[in-house]
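Student: The structure that follows is given in the form of structure tokens.
Quick note: the coordinates plus some simple rules give every number you see, no bench work behind them. Since the model is a prediction, treat every value here as computed from it, not as a measurement. When we count neighbours, we look across all protein chains shown, and the Cβ atoms used for this are built from the backbone with ideal geometry, even at glycine.
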């Protein structure tokens, strides 16, 4: 029956199914399966493929099988007991979630034997989740529920197709004569809906399969296959056609291929690198050679493969676990460690493994050559050569994160405590910045070498020598491009791939002193290479192979000579991946890629186009959209609203003349047009243009638009690719090389190297030679004194048997001491770094089995890179700026700190007030932060040991800058500040800046012009200022124009030549108030305010000197001047403030004013910029006296008088009953005319 099925002989298919099932069942499980309740199905909707039907009334419960992969392996293997599936009954169903599955991985689910019977029966659920990492929640954004992925236009179409082609269900447990029955999903009408499809291929190699569900994958059965759906769910259409499905989707078979690939004819070997102390802790970063004989392994020659953990030829992504594939079965291989993990000693043993198992079963390393020793579980242990301890001396507050450079110059005492017969012993450890003069490298023959040539797979040994001989001989080896040539801690060089790398050996004591060797790795000579397809037919670079997403194509590289193996690569793994060793290509997404096989110096390429049964590729010739700035495909159902349509961008295809876009496979009334933007805002640049011209999809796989066809007849063959495949591969190689170089840059730069950019091999070699010459010149220029550190300190001879122990770490402030025997140690700082205070803490650690453990109460901070950080507090110089009178701290001063011991260090400090400081003014130096945010309080941290001068460059507002130069001394014992007399100080006082007030005087003559003398000069009038109370205690400020208040006067007169002047204003000299004018002690209000009272009067000259007929003013003025401290907005003192109040006590006629007098106004201070207008003045009015009137004792001046004959009448008097009008006129000042 199977001999001729559509012309193909399948008579051997049953045997092939059995073989496939057996091989799949043998694959070790690398994933886990968990059972739980599925999320509620309420609200879930299932659709028909064309969206014409849907159902959302589900209300049952389901179980969830969660398959969690390892996230790394290309073949994810799971095992589940058939009994578990049998127990999922009661019309519930099972849904599935696959997570932590690599994008290009295949999945095998092996269903093991059952104890409850020979049949396996379970009910399928409706839902299927895909995505998320191992710890994901099912509601996370990267987890997709894809069960509707078959629906036209569904966003999860690709994920649905991928899952269907990635999964293989291997029901090996079902024996002949037994049946696998997968029942349909539950709905509210029946419990056996076929639309609850099964995703993945189903393999039942021995028994039968009764399917009640649609399948989306290959179905391979050893005996009978049947389809059943016994009950009707609903009738559909005008003819009421019955269907078993609530959405009118009865059973279908979609024979999507399984994309799995696995090693069935070759063998896999593996081993694990672990810490020998416990044989469980994995160690990353080792490198190995695989050899065909023990002799080759011992000599380190003729490697079959070079292997790097998580790198070259290692197919296992777990650090410390190495697996190598594609080896010959039934062979013995010899394994040698070439580079140990960091901090460990490479094993000197040769390990053996025999490939007795084929396929994915790992053949673990099990023996040691020339020994009866056995290796368990492939675990190879490494031991540390000798315990070492590393610590860093850091500034306080920097003991977290990482440290690349510490505080230099400290010294330490390391003590090993007495134990048993061992006596206590101590060493001094100096911070080693040894002045190394150079490094040289020799080859295995002892010849100095600067360049060498190797072939891929070769190894060789280099030796480094540090000069002078007294320097530590420890060097750090590093490669600029480890993927080309790497080097181990002993100088062993491994050549991995063609190219050029620089190997550097740098002295640990001084990482700037290095020797380098330019290593050129050449590929083996290859005569030819060609690629063959699955039919063993040669394919050319111009050929294009077609495949489906999720499918696999087996390519073979034929190399001459055959002993050189090809390495495969893909130009775009997002489209298709290729197994680097086997050449199996797996389609990931739609598009075109170049697959390259490289062997030695030869390459061969082939193009692979990946298509998708779920999608349509639309190609548009560029001439169709010529002149557009961009191009978009706009698709949807014809004659529906715009919000139902979707824009997809047209990208460049592999043919330079065409753009393309990928859209879901659509039929019916679905069509598309083209536009130059992804919106409908513009009515221009639409193709084809016009109503009813949409291009209809018609379920086509490919549509090629060269021009408009009114009959919708378009080519359905993709345009041939036009780019050169080899160029794409070369570009990929360049990008990969650049990526490798970038990854090496950081570690390379630490040793002073430069990663070449666009240099050719010749340029790089020339650059290397130039660098070597420069290094040599620098080496020759180094001083011969090998015992002097870069900072001038003497470095004592060191060693385990010396008084000093060697610090082998050349980084400043970072210490490494090695070869520490087991025991208990203490570590204490002996000398602090310059600028820091000594840390007297005693730290204790133990060494056990080569491991260091910090113990005791005081422990260093352990940084993220594992370094122990021990912090010192920086030196602190503290002082305060205070008011000389009150002692209160003053804000706003600035200072200069200048070294006075021969150094040129100068620092400028501004008062830090609440985190804010003014701009430095009047100081030329480096700004140093005041870390005390209190106004007037200063703390400067981290100044180096030495002597400094401290001077004030800017005084607080309202204060005078002090001229005293203070001296700061900083040493290991602490900090002192002394004044010019050598007296220690912590506070520095300032005196307030004096403030001034000026008292104005105004002189006015009335009813006359300003009098003149016989010479025509204006007559001056004199005014006097005096203390109000002659007994006023203490001194009283005197105007600047006088030496005392005994006779302090000013004279006022118009300027010579003036005309019409009747008033003149002048001032006494400034009254200056200083800190000394404040009160001696604070008053009841807590202030030092003090008031001074002055008297201002006119000086009446002797009678003979008086101006005739002019009455002189008898006015008296009191001026009260108060001096006190001024306060800034922040409440701190801001110097002195002065205020003056002027009061007229007696008027011009000598009459006393009522009460305490009339306040004339307030006089501002001379330097008060916040006032405007004229200040009030002490006003004095002298009045002209009228002549020819009776002497009555009455002031007639200014009265209206009527002259009658020889007598007079005073207007306003009543003649009848003559009364004397006797009125003393009150002075009305300037109000009278």
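Student: If you count, for each residue, the other Cβ atoms within 10 Å and average over each peptide, how do 75-82, 305-312 line up from highest to lowest?
Tutor: The peptides rank, most packed first, as 75-82, 305-312.
Student: Related question: As I understand it, the value is the acute angle between the Cα axis of helix 13-25 and the longest principal axis of the Cα atoms of the chain; what does it come to in degrees, rounded to 10?
Tutor: So the inclination is approximately 40 degrees.
Student: At 222 nm, what helix-only mean residue ellipticity would the chain give, in deg cm²/dmol to the nearest 500, using -39500 (n - 2.57) for each DSSP H run of four or more?
Tutor: Helix contribution divided over all residues of the chain: -2000 deg cm²/dmol.
Student: So if each residue of separation counts as 0.36 nm, and I subtract the Cα-Cα distance between residue 463 and residue 281, what length gain in nm does that give?
Tutor: 62.4 nm
Student: Right, here's the next one. Can you tell me the 0 to 90 degree angle between the C-alpha axis of helix 725-750 and the longest principal axis of the chain, rounded to 10?
Tutor: 50 degrees
Student: Further question: Sort the range 615-705 into rounded, prolate or oblate with this rule: let a ≥ b ≥ c be the square roots of the eigenvalues of the Cα gyration tensor; rounded if a/c is under 1.5, and if a/c is not under 1.5, prolate when a/b is larger than b/c, oblate otherwise.
Tutor: Cα axes put the range 615-705 in the oblate bin.
Student: What angle do you read, to the nearest 10 degrees and between 0 and 90, between the alpha-carbon axis of helix 761-781 and the longest principal axis of the chain?
Tutor: The angle comes out near 50 degrees.
Student: Given R₀ = 41 Å, FRET efficiency for residue 189-residue 103 by Cβ-Cβ distance, to 0.05?
Tutor: Plugging the Cβ-Cβ distance into 1/(1 + (r/R0)^6) gives 0.60.
Student: I've got another one for you. When 497, 267, 54 are ordered from fewest to most other Cβ atoms inside 10 Å of their Cβ, what list results?
Tutor: Least to most surrounded, the residues fall as 54, 497, 267.
Student: Rank-order 375-383, 995-1003 by packing density, defined as the average count of other C-beta atoms within 10 Å over each peptide's residues, highest first.
Tutor: Going from most to least packed, we get 995-1003, 375-383.
Student: Can you tell me the order of 852-859, 418-425 when each peptide is scored by its average per-residue count of other Cβ atoms within 10 angstrom, highest first?
Tutor: Sorting 852-859, 418-425 by mean packing, highest first, produces 852-859, 418-425.
Student: Out of all DSSP beta bridges with both ends in the chain, state the antiparallel percent to the nearest 5.
Tutor: 75 percent
Student: If I compute P(r) over Cα pairs in 20 Å bins from 0, in percent from the structure I just sent, which labelled value in (1) 8, 22, 21, 18, 13, 10, 6, 1, 0; (2) 6, 13, 14, 15, 16, 17, 12, 6, 1, 0, 0; (3) 9, 32, 37, 18, 4, 0 lines up?
Tutor: Given (1) 8, 22, 21, 18, 13, 10, 6, 1, 0; (2) 6, 13, 14, 15, 16, 17, 12, 6, 1, 0, 0; (3) 9, 32, 37, 18, 4, 0, the calculated one carries the label (1).
Student: Can I ask one more? Given the Cα-Cα distance of residue 1106 and residue 140 and 0.36 nm per residue of separation, how much length would full extension add, in nm?
Tutor: Separation in residues times 0.36 nm, less the Cα-Cα distance, equals 336.9 nm.
Student: Could you list 676, 911, 971 in order of exposure, starting from the residue whose Cβ has the fewest other Cβ atoms within 10 Å?
Tutor: The order, fewest Cβ neighbours first, is 971, 676, 911.
Student: In nm, give the distance between the simple-model label positions of residue 1151 and residue 931, each being 7 Å from the Cα along the Cα-to-Cβ direction.
Tutor: 7.5 nm
Student: Could you work out how much longer the chain between residue 1090 and residue 530 gets when fully extended? Use 0.36 nm per residue separation minus the Cα distance between them, nm to one decimal.
Tutor: Full extension of this stretch gives 190.8 nm more.
Student: Relative contact order (percent) for the chain, with alpha-carbon contacts under 8 angstrom and 6 or more residues of separation?
Tutor: 6 percent.
Student: Could you tell me the calculated FRET efficiency between residue 473 and residue 858, based on Cβ-Cβ distance and R0 = 41 angstrom, to the nearest 0.05?
Tutor: The computed FRET efficiency comes out at 0.75.
Student: Label residue 210 and residue 512 with points 7 Å out from Cα along Cα→Cβ: what is the distance between them in nm?
Tutor: 8.5 nm
Student: Could you tell me the calculated FRET efficiency between residue 989 and residue 1082, based on Cβ-Cβ distance and R0 = 25 angstrom, to the nearest 0.05?
Tutor: 0.90
Student: What is the range 995-1184 by shape, rounded, prolate or oblate, if you read a ≥ b ≥ c off the alpha carbon gyration tensor as root eigenvalues and call it rounded for a/c under 1.5, prolate for a/b larger than b/c, and oblate otherwise?
Tutor: Cα axes put the range 995-1184 in the prolate bin.
Student: Using a/c under 1.5 as the rounded threshold, could you call the range 125-277 rounded, prolate or oblate? The axes a ≥ b ≥ c are square roots of the C-alpha gyration tensor eigenvalues, and prolate needs a/b larger than b/c, oblate otherwise.
Tutor: Judged from the Cα gyration tensor, the range 125-277 comes out oblate (a/c at least 1.5, b/c at or above a/b).
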